[in-house]
Amino acid sequence: MIMKKWIASIFLLITTQSVLAQVNINMTLAGRPPANLSEWANRREVLTFVMSGSQMDQLVVKIKAEIKTLDGTVIGTTNLNSAKSYSPLPGASTILGALDVLPLEYMIFTGKYQSILTKTGKLPADNYVLCVQLVRLPDYGPASNLVCKNFYLAAYQLPTLMMPANEQELNANIAQSAITFRWTPVVPNAATPVTYRLQVFEVLPQQQNVQALRSNQPLLDKNIVGTTQYIWMPQLSMLPTNPTENLDADSTQKNGERNKKAMPIKFIWTIQTLDSFGMPLNQTDGNGESRSEPLIFYVKFPKVSLNKE
């Protein structure tokens with residue numbers, strides 16, 4: 001009996017090694033792929049998977065993929081019961097992409113990773129490992145070598161607003177024709193072009209800056225791609241139609257003239273950075289909206305001088 005078990009074990013080992021020798025797999029994976037996992041399937045250069053062998057006849061396999069953190073913790077794995085089956089042609093190579101290797105509808109993620117992925121389509125910025133192996137049916141035993149590749153999902157530094165600077169006062173005579181906005185680009189460069197959504201809001205009297213940002217309709221709402229500058233031509237008269245309107249109580253008299261200064265108009269502006277899907281670039285940390293720290297600026301009116309009658 002012991003001899004029979006020993007012979008059976010040897011036979012199983014030889015059979016397993018034979019199957020492993022039948023199928024070879026190779027995988028290339030971009031070191032810094034798009035943060036949105038669904039975008040992997042749309043870009044051939046992100047992931048290429050090749051399985052090949054000379055004795056692959058009558059072999060039915062599934063692709064088992066696991067995503068791990070660098071400490072080896074598995075955060076996502078293929079649901080093999082639902083995954084697609086493959087019957088590679090003998091002596092031929094089968095080339096597949098991310099849609100086959102990492103089908104999100106058949107992947108099971110754990111804990112916070114499932115929650116974040118469901119909400120944003122992205123995993124938190126971090127270093128990960130993707131391990132892939134073929135398993136045979138019906139027992140899901142290994143049918144190939146195991147291939148693992150590291151990849152990094154970048155944490156982006158959002159743009160810094162530069163011009164108009166915080167608390168800067170702009171001359172109304174110039175600002176009513178053109179206001180130039182400048183900001184720094186997102187760092188590092190995203191795998192696909194990002195969209196900078198420039199928004200400008202007026203801060204009404206007695207209104208908090210953040211309240212204006214959250215509740216007011218934007219005076220400017222512009223999507224900008226490929227540049228970090230925009231010249232806004234408001235085509236609005238920011239000067240009071242009546243020189244005595246919008247004047248503060250502070251006045252002085254000198255040489256028979258009454259000098260009064262109109263109250264400046266207060267604005268708040270920000271940049272929201274969007275990915276190629278039109279979604280906030282950073283959703284897994286910060287404010288979740290990928291908004292740069294807003295700045296305020298003023299449009300200041302020239303002094304109004306009225307002669308005494």
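The values are calculated or read from the model by the stated rules, or taken from the named source; none is laboratory data. Here the structure is a predicted model, which means the values were calculated and not measured. All Cβ positions, glycine included, derive from the backbone under ideal geometry; neighbour counts span all protein chains shown.
Overview of values
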quantity	calculated
Conditions (1) on the phi < 0 side of the Ramachandran plot; (2) touching a strand residue (DSSP E or B) at 6+ places or on another chain (Cβ under 7 Å); (3) of a type outside the set (D, E, K, R); (4) crowded, with 17+ Cβ neighbours inside 10 Å: number failed by Q157	(4)
Evaluation of T227 against (1) at pLDDT below 55; (2) closer than 21 Å to P34 by Cα (one fails), failing number	(1)
Strands (runs of 3 or more DSSP E) enclosed by the stretch 119-222 - at least 1 residues per element that are in contact (Cβ under 8 Å) with a residue 60 or more places away in the chain and over 30 Å from S85 (Cβ atoms)	147-153, 161-163, 168-171, 179-183, 195-203
Subset of the stretch 86-118 that is surrounded by fewer than 14 Cβ atoms within 10 Å (Cβ to Cβ) and part of a strand (DSSP E or B) - its residue that is nearest to the chain's Cα centre (by Cα)	I108
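Per-residue answers, yes or no, for (1) of a type outside the set (G, A, S); (2) not assigned by TED's automatic domain parsing to the domain that holds K266:
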residue	(1), (2)
G141	no, yes
K149	yes, yes
A165	no, no
Q168	yes, no
I174	yes, no
A178	no, no
F181	yes, no
P185	yes, no
P188	yes, no
